[in-house]
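Asker: Okay, handing you the structure first.
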Amino acid sequence: MRVEDVVGMLWKHFALGFSALLPLINPLGSALVFLGLVGLQSKATYRTLARKIALNMTLFLAVVELAGSYVLEFFGVSMSIVQFAGGIVVAAIGWSMLNQNDAETKARDANAQMGGRELTPRDESRAFYPLTFPVTAGPGSLVVMLTLSAHASERTISENLFAHLGLFLAVVVLSVLVYVCYAYAPKIAQAVSPSTAHGILRVIAFILLCIGVQIAWNGLEALLVPLLARHG
């Protein structure tokens, strides 16, 4: 492959993965939920938990991205079906996010589910559950990652490699954003009003809706073209 093709493949799937996962992970909104669950802690505690959550999220989504296509192959599910069904799910997630409650309500609900218990610096066992999953990367992120993995596995071996690398880079960048937002959650809560975060979320949720429709259309097109060719 030419250098231009490699860069184009990396950038295309990086942009696709970043824009599809951003509204789901939502570092700014999730930071408010994180702050509500952790409560008042020292700066060192916020940074320690933020580092663990960012690392957990990177490894978690990377495993899903790498193993996704093999899991689908094991169950005999074609890439076109995954694109079609996954695109519909992604679009549905985007639609629901356009109509969901604001970050403050989400934080109160999450805190209620945790029984109102505040984390302590020693309570690092909760860095994965619930702070990484499902607060930071929930079921919606898994569905999107599985769909993107299938979408990136429909080319030649070399193209697939750079496509998956682009998705992994998107996960890494999002993990860095999660670390920054979580480590400085108290300052962000003071600087960014819930209404502003709510408005930003609406915009990127609409982008997610469009991405889901596009992926679903790609899968439907791949299913219909052979069928129409046989009856044409």
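Asker: For residues that are over 14 Å from Ser78 (Cβ atoms) and among the β-branched types (Val, Ile, Thr), tally how many sit in region 214-228.
Answerer: Qualifying residue count, region 214-228: 1.
Asker: Now for a different question. Return the residues of region 130-161 that are outside any loop (DSSP other than H, G, I, E, B), of a type outside the set (Val, Ile, Thr) and surrounded by 21 or more Cβ atoms within 10 Å (Cβ to Cβ); say none if nothing qualifies.
Answerer: Leu131, Gly140, Ser141, Met145, Leu148, Ser149, Ala150, His151
Asker: Also: Name the pairs: first residue in region 1-14 and over 21 Å from Ile211 (Cα atoms) and in contact (Cβ under 8 Å) with a residue 40 or more places away in the chain, second residue among the basic types (Lys, Arg) and exposed (fewer than 12 other Cβ atoms within 10 Å of the Cβ), Cβ to Cβ under 6 Å, at least 6 apart or on different chains?
Answerer: Between residues of region 1-14 that are over 21 Å from Ile211 (Cα atoms) and in contact (Cβ under 8 Å) with a residue 40 or more places away in the chain and residues that are among the basic types (Lys, Arg) and exposed (fewer than 12 other Cβ atoms within 10 Å of the Cβ), there is no close pair.
Asker: While we're here: What pairs come up if the first residue lies in region 181-202 and is closer than 14 Å to Leu40 by Cα and in contact (Cβ under 8 Å) with a residue 40 or more places away in the chain, the second is assigned to a loop (DSSP other than H, G, I, E, B) and aliphatic (A, V, I, L, M), and their beta carbons are under 9 Å apart, counting only those six or more places apart or on different chains?
Answerer: Note: pairs meeting the criteria are Pro186/Leu40.
Asker: Picking from Gln100, Gln83, Gln113, which residue would you name as being over 20 Å from Ser19 (Cα atoms), of a type outside the set (Ser, Thr, Tyr) and modelled with pLDDT under 80?
Answerer: Gln113
The values are calculated or read from the model by the stated rules, or taken from the named source; none is laboratory data. For clarity, every value in this text was computed on a predicted model and none was experimentally measured. Don't worry about glycine lacking a Cβ; one is built from the backbone with ideal geometry, like all the others, and counts go over all protein chains shown.
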